[in-house]
Amino acid sequence: MTSVSVVTLARGRPDHLVNVVRGLAGQTCLPVELIVAVMQDEEYVLPDAPFPVRQIRIAHDALPLAAARNAAARLAQGELLVFLDMDCIPAPALVADYAGLMAGFDGLLMGEVMYLPGGATQAWGYDRFAAVAVRHSDRRGPPPQGREICADYRCFWSLNFAMRRATFLRLGGFDERYCGYGGEDTDFGKMLDQAGVPIAWIKGGLAYHQYHPHHMPPVHHIDSVVRNAQLFEAKWGYRTMGHWLHAFRLMGLIDDTAGRPIRILRRPDADDLALTGQQSHQPYANSASVIRQLEAAARPHGGAGRRDAVVAA
């Protein structure tokens, strides 16, 4: 059986990381280790596990997601790397699914993700998780079985995926110039596309995303989204995260005129946070629904008070 190292990035939310360890401890095929790239001053207090758990400290001033993933991958011992965000509880067959479906394939595999509402993890149980979890409306479902090649690198989300360690290191990993939230995963997908490394959806590799308050579009990360969009443009000739930039423009937060540097016009305020914030009854925050509201309010009948109308909605 292929040896598997699981890699996660961690900052805050200790209960979420405990649940990741608990989920990995119940795998039908255990990983050889869990490596936690810790982006805070203190290490975590974690439960005992039937595999080594290594915590490595990462400089964390600007949420260095790309650098943290690379550092953990370099230290990993397994032939296969499974990257799992700290808010994702692995279903019991996740490791086995990835190991089995990587046979005869040298590329990136994207596992399934289902989203849990607030309070769902207060009582542990995969049957319970399955009963209340929902699929993200902006994300397509898995193939009926096995692997299915994904022709659009922009579909790559980094919260639950796997690659051969040798391939990941040969390609150089994530571009560490990306700091903070946004863009580093699309850049990585673009790099794979340019290198001819296939990306595939799989049936399996299921993880349950744990609820935590969030904003979509991520107005709380506007600085890094703008900076990373411009880095992507300098590297590839066009901007990524266009849907978020579109929303920011409709909200009056930025000027993203083509051919010019993006300018932040004002800081997000309480109304912006209320509009984009995830509520406890929602399994996830949804950029598409916010953008629909903003676009409707921006039509001629919306008038000068369109932002207030959107917030009221």
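The values are calculated or read from the model by the stated rules, or taken from the named source; none is laboratory data. No experiment lies behind these values; they were computed from the predicted model shown. As a convention, Cβ positions derive from the backbone with ideal geometry for all residues, glycine included, and neighbour counts pool all protein chains shown. Heads up: the accessible areas ignore ligands, DNA and RNA and are worked out on the full protein's heavy atoms, side chains in. Shrake-Rupley method; radii C 1.70, N 1.55, O 1.52, S 1.80 Å.
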Sort 183-190, 75-82 for me by packing, meaning the mean count of neighbouring Cβ atoms within 10 Å per residue, highest on top.
183-190, 75-82
Would you check the accessible area of ILE56, probe 1.4 Å, heavy atoms only, in square angstrom rounded to 10?
30 Å²
Could you pull out every residue, at least 5 positions away or on a different chain, whose amide H is within less than 5 Å of the one on PHE83? Hs are placed 1.01 Å off N in the peptide plane, and Pro or chain starts have none.
VAL7, PHE161, ALA162, MET163
Taking H placed 1.01 Å from N in the peptide plane, check which residues at least 5 places from HIS214 or on another chain put their amide H under 5 Å from its amide H.
GLN278
Counting helices only, and only those DSSP H runs with n ≥ 4, report the 222 nm mean residue ellipticity of the chain as the sum of -39,500 (n - 2.57) divided by its residues, in deg cm²/dmol to the nearest 500.
-10000 deg cm²/dmol
Hey, what did region 212-266 get for relative contact order, percent, Cα under 8 Å, at least 6 apart?
25 percent
Taking the alpha-carbon centroid of each part, what is the distance from region 235-269 to region 74-95 in angstrom?
34 Å
Normalising by the residue count of the chain, find the relative contact order in percent from Cα pairs under 8 Å and 6+ residues apart.
18 percent
Given an 8 Å cut-off on Cα distances and at least 6 residues of separation, report the relative contact order of region 159-308 as a percent.
22 percent
Which order, highest average first, do 138-145, 57-64 follow once you tally other Cβ atoms within 10 Å for each residue and take the mean per peptide?
57-64, 138-145
Highest-first arrangement of 169-179, 206-216, where packing means the average Cβ count within 10 Å
206-216, 169-179
Accessible-area value, ARG292, 1.4 Å probe, nucleic acids and ligands omitted, Å²
150 Å²
